[in-house]
Structure formats: C-alpha cells, structure tokens
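The numbers here are math on the coordinates, done by the rules we state, and not lab data. Not measured: the values here are computed from a predicted model. Positions of Cβ are generated from backbone atoms using ideal geometry, with glycine treated the same way; all protein chains shown enter the neighbour counts.
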C-alpha cells in the first residue's frame with residue numbers, strides 16, 4: 001500500500017473514479033479489462049479521495065457547529081443578563097409593594 005503518497009499513475013481519469021458509484025466503477029473496470037494491479041491502484045485512489053471528501057465535509061460541519069455554538073452561547077449570555085435584570089426589578093417591585101402595603105396598613109389602623 002502507498003499510504004501517505006499521492007497516486008499519480010492512474011489508468012483512468014480521477015473524475016471518473018470518484019464520480020461513479022462503486023458498482024458502476026467495477027463495471028467500467030471489467031469492461032476495460034484492467035489488470036489486478038490497475039484495479040488495486042484505482043480502488044486505493046478511490047478510497048483516499050472519498051476519505052478526503054468525507055474529511056472536508058466533516059471540517060465544514062465542525063466549523064458550522066462551532067459558529068452555531070458561539071452564537072448560542074452569546075444568546076444564552078444575553079438571556080442570563082435579562083434574567084438578572086428581571087430579578088432586580090422583581091426585588092424592587094416586591095420591596096415597593098411591601099413598603100406601600102405597610103404604610104397603608106398603618107394609615108388605616110385606629
């Protein structure tokens with residue numbers, strides 16, 4: 001196996017190898033009468049290219065998810081700030097209500 005090195009001696013075009021589904025590719029290989037070595041090179045190249053494509057798709061997905069995570073984290077922080085502000089308002093309202101409630105009770109007591 002030629003792991004890590006670029007495959008340059010392909011018996012057919014790169015686009016054809018990566019563009020066809022595996023059944024169609026096998027059919028073309030049989031029709032063209034490629035030898036065992038050629039078939040091995042074609043299939044090895046296909047595996048490497050498909051692996052690169054999957055890796056690129058995963059990289060794009062990871063970048064998108066990281067961006068979404070940052071956006072959601074920012075929105076979460078904003079919501080926490082709003083909750084803090086609402087809690088402060090609640091305390092002020094409760095204190096104000098108690099103050100007026102106590103004052104009005106004293107006012108009406110005889």
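Residue 31 meets all of the listed conditions (1) within 30 Å of residue 14 (Cα to Cα); (2) surrounded by 10 or more Cβ atoms within 10 Å (Cβ to Cβ) but one, namely (2).
Residue-wise test of (1) assigned to a helix (DSSP H, G or I); (2) loosely packed, with under 10 Cβ neighbours inside 10 Å; (3) in contact with a helix residue (DSSP H, G or I) (Cβ under 8 Å, 6 or more places away or on another chain); (4) touching a residue at least 40 places away in the same chain (Cβ under 8 Å).
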{"site": "15", "(1), (2), (3), (4)": "yes, yes, no, no"}
{"site": "23", "(1), (2), (3), (4)": "yes, yes, no, no"}
{"site": "46", "(1), (2), (3), (4)": "yes, no, yes, no"}
{"site": "52", "(1), (2), (3), (4)": "yes, no, no, no"}
{"site": "71", "(1), (2), (3), (4)": "yes, no, no, no"}
{"site": "87", "(1), (2), (3), (4)": "yes, no, no, no"}
{"site": "92", "(1), (2), (3), (4)": "yes, no, no, no"}
{"site": "100", "(1), (2), (3), (4)": "yes, no, no, no"}
